[in-house]
1. List every residue pair whose Cβ atoms lie under 8 Å apart, where the two residues are 6 or more positions apart in sequence or sit on different chains, the first residue falls within the range A:268-279 and is assigned by TED's automatic domain parsing to the domain that holds A:D239, and the second residue, located anywhere, is part of a loop (DSSP other than H, G, I, E, B) and aliphatic (A, V, I, L, M).
2. Applying the selection to the range A:334-352, what residues are part of a helix (DSSP H, G or I), more than 18 Å from A:A380 (Cβ to Cβ) and touching a helix residue (DSSP H, G or I) at 6+ places or on another chain (Cβ under 7 Å)?
3. Can you tell me which residue among A:Y197, A:Y247 is surrounded by fewer than 16 Cβ atoms within 10 Å (Cβ to Cβ), part of a helix (DSSP H, G or I) and touching a helix residue (DSSP H, G or I) at 6+ places or on another chain (Cβ under 8 Å)?
4. Find the residue count for the range A:269-290, including only residues that are surrounded by 23 or more Cβ atoms within 10 Å (Cβ to Cβ) and near DNA strand B (Cβ under 8 Å from one of its atoms).
5. Need the failing condition index for A:T350 against (1) buried (at least 18 other Cβ atoms within 10 Å of the Cβ); (2) away from DNA strand B (no atom under 16 Å from the Cβ), just the number.
6. Within the range A:291-305, which residues are within 17 Å of A:G271 (Cβ to Cβ), more than 10 Å from DNA strand B (Cβ to nearest atom) and part of a helix (DSSP H, G or I)?
7. Checking A:R402 against (1) at pLDDT below 95; (2) surrounded by fewer than 16 Cβ atoms within 10 Å (Cβ to Cβ): exactly one of these is not met. Which one?
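The values are calculated or read from the model by the stated rules, or taken from the named source; none is laboratory data. These numbers come from a predicted model, not from an experiment. Because the Cβ atoms are built from the backbone with ideal geometry, glycine has one as well, and the counts that use them run over all protein chains shown.
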Amino acid sequence: MLFNVSIDASSSPDDHYWAHLRWARLKSIGSLLRNVRIRVGSARQVFDESCVRDLVTWNSLINGYVHCGQGLEALKLYEEMKMEGVRPDEVTMIGLVASCAQLEDLNQGREFHCFIEDHGLDLTVPLCNALTDMYVKCGDLKAAESMFHNIKKKTTVSWTTMVVGYAKFGLLDKARELFDDIPDKDAVPWNAMIGAYVQAQCGKEALDLFHEMQGTNVRPDEVTMVNCLSACSQLGALDVGIWIHHYVKKENLSLNAALGTALVDMYAKCGNIGKSLEVFHEMPVKNSLTWTAVIGGLALHGNANDALAYFSMMIDVGLEPDEVTFLGVLAACCHGGLVDEGRKYFAQMTSEYRLTPKAKHYSCMVDLLGRAGQLQEAEAIIRSMPMEPDAVVWGALFFACRMHGNVMMGEKAAWKLLELDPDDSGIYVLLANMYGDAEMWDEARKVRKMMKNRGVEKTPGCSSIEIDGVVNEFTIRDKSHPESEVIYTCLVQLTKQLELVESDFGQEFSFNIYAFGIL
DNA sequence: CCGATTTAGC
């Protein structure tokens with residue numbers, strides 16, 4: 001079959017392929033775009049050389065661009081189309097409205113909506129769905145709702161679009177209500193609702209809904225699995241994650257880049273970095289997100305040198321790192337105490353890869369430099385920030401100051417923290433402790449008094465662990481667990497062991513223990 | 001025409 005010709009975007013097309021293409025363009029560029037996976041650039045080349053340029057051809061290329069995430073190109077093509085005097089129809093409008101959704105260009109989207117009404121174009125259900133989606137993606141929930149309500153014969157697509165819309169605006173309950181009302185649901189609305197829970201950090205609700213889905217006769221697909229794995233990563237639910245991995249194999253779901261990446265991430269976040277790497281190497285197709293996930297996973301496990309080695313491999317295979325990749329790289333440097341490398345990558349990020357550091361990158365650098373005792377440089381980094389330093393940045397500096405006994409600078413950082421978050425009891429306590437450590441009793445007393453005057457409540461430290469499906473919760477000095485005595489004996493032993501390794505790894509471990517109020 | 005993967009450390 002002619003249209004089964006499949007071209008890998010990274011390899012250059014051979015003569016055989018071009019022969020097919022020349023033949024095919026005489027038929028229809030539309031089917032070519034739909035059936036042959038080629039770079040849209042090649043389709044454009046054929047289009048430019050083509051003598052048959054009817055409305056269908058234009059529409060196909062416009063929708064081809066939209067499909068490849070090149071909304072801007074689609075809009076440019078429409079300008080050309082107008083110049084050639086070709087009049088757009090409903091199908092053209094679907095592509096153009098979808099482009100505006102992609103570009104989050106509300107004004108342009110509204111213009112097309114007006115154009116459609118002014119020219120009396122047929123408001124078909126797919127076009128209404130595209131408009132609803134455009135209003136959702138551009139942030140106009142009211143307009144999306146009114147569009148949705150005006151659709152006489154709503155389809156699954158219409159309902160799903162609106163479910164996603166409510167979820168995007170944090171109206172999870174409203175999204176769920178609408179979801180429950182959808183008749184004859186296929187996998188897509190299920191995936192949308194499960195994904196909405198994941199996006200809202202409600203991993204448990206996501207897995208509960210997946211469980212409900214299994215009670216229906218709708219077959220979960222790759223997207224379902226990606227969402228559920230994401231939920232597992234959030235919850236640290238390794239057992240469910242392993243079950244999903246088995247399910248993927250049993251059901252012969254395709255290990256595509258997104259699914260593989262979700263598995264790599266799940267294993268890393270749930271503590272099994274070995275299995276994470278195993279899946280990574282088994283994956284037939286990896287993209288830059290896959291590499292980013294594995295780099296972040298290695299960093300999370302304190303495996304700094306491997307993280308950097310994978311970063312260098314990623315560059316070697318020609319993939320582009322993004323700002324998330326660099327967060328992993330910087331986190332790795334931070335864990336490994338690799339100050340020079342950290343500086344190098346932070347600079348490289350802007351100079352070589354044209355990426356703009358975000359607040360998180362700055363806080364990572366402050367943490368890295370601060371831990372290494374380079375307090376002046378850390379402070380300079382904060383001053384160089386183009387955005388307002390957030391609580392995390394000052395928190396990193398404050399932590400570093402406590403670690404290296406710089407009361408003056410620590411004081412400054414803590415006051416900034418209190419300005420940003422005056423209700424966080426932890427900051428008052430840590431600041432008072434810092435004064436106490438420096439034997440500045442008057443200042444310590446002042447801070448405690450201030451906390452009392454402001455009526456800041458101490459939030460009790462709390463942690464939880466899931467064992468055999470039962471969530472065990474502990475608050476500070478909690479003795480209510482039936483096996484409390486054994487647990488505390490174990491904790492004391494753990495603490496002793498941590499004190500032994502503390503000299504090798506710095507003060508990080510003991511800080512954590514104190515911070516959680518176990519001692 | 002609707003649904004997917006990566007984001008510090010506390």
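1. Close Cβ pairs satisfying both conditions: A:C270/A:A237.
2. Within the range A:334-352, A:H335, A:G336, A:E341 qualify.
3. Working: A:Y197 fails: surrounded by fewer than 16 Cβ atoms within 10 Å (Cβ to Cβ).
So the residue among A:Y197, A:Y247 that is surrounded by fewer than 16 Cβ atoms within 10 Å (Cβ to Cβ), part of a helix (DSSP H, G or I) and touching a helix residue (DSSP H, G or I) at 6+ places or on another chain (Cβ under 8 Å) is A:Y247.
4. 2
5. Exception for A:T350: condition (1).
6. A:L298
7. Just one mismatch for A:R402, condition (2).
Rundown of residues vs (1) closer than 20 Å to A:C364 by Cα; (2) touching a Leu at 6+ places or on another chain (Cβ under 8 Å), yes/no style:
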{"position": "A:G395", "(1), (2)": "yes, yes"}
{"position": "A:A400", "(1), (2)": "yes, yes"}
{"position": "A:V407", "(1), (2)": "no, no"}
{"position": "A:E411", "(1), (2)": "no, yes"}
{"position": "A:E419", "(1), (2)": "no, no"}
{"position": "A:P422", "(1), (2)": "no, no"}
{"position": "A:I427", "(1), (2)": "yes, yes"}
{"position": "A:L430", "(1), (2)": "no, no"}
{"position": "A:N433", "(1), (2)": "no, no"}
